[in-house]
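Before we start, here is the structure in question, set down as structure tokens.
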Amino acid sequence: MAKSDKASKADKAAAEAEVPEQYGDVVARLEETVNRLESGDLSLEDSLKAFEEGIRLVRRGEKLLTEAEQRIEQLLLDEDGKDVVAPLSVASRPASPAAPRVPAPPKPPPEDDVPF
């Protein structure tokens, strides 16, 4: 294995190890990365590295959200009135009734729109 291959693998491993564990930290770091990219002060190489870091952060954030979603449980009552733990499902939530729409009264034409 070439020396540069070992160095690039070590760089990738170090970069992946730096990805925060907490969702809030991931979001904060992603915001910093986006701000650096949007500043326009980075070289092409640094922009590519920042972009790669952003992709890693997005993937980590998605993984954390998926894990959290899987852990969320909704407490339900079974037919006997006993508590039952069931996975949260958006489809199982009752739909909230929509408020009836009341049409807005028509607006009078602006003063300068009068034809005379």
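The values are calculated or read from the model by the stated rules, or taken from the named source; none is laboratory data. Source: prediction; values computed, not measured. Methodologically, a virtual Cβ is constructed for each residue, glycine included, from the backbone with ideal geometry; neighbour enumeration extends over all protein chains shown.
Here is a check on your reading of the model: is K49 at pLDDT below 65 and either in a loop (DSSP other than H, G, I, E, B) or not acidic (D, E) (or both)? Step through it out loud before you land on a result.
On the way: at pLDDT below 65: no; either in a loop (DSSP other than H, G, I, E, B) or not acidic (D, E) (or both): yes.
Here the answer is no, as K49 does not meet what is asked.
The rows are residues; the columns are (1) exposed (fewer than 11 other Cβ atoms within 10 Å of the Cβ); (2) part of a helix (DSSP H, G or I); (3) modelled with pLDDT of 80 or more.
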position	(1), (2), (3)
L42	no, no, yes
T66	yes, yes, yes
Q74	no, no, no
A86	no, no, no
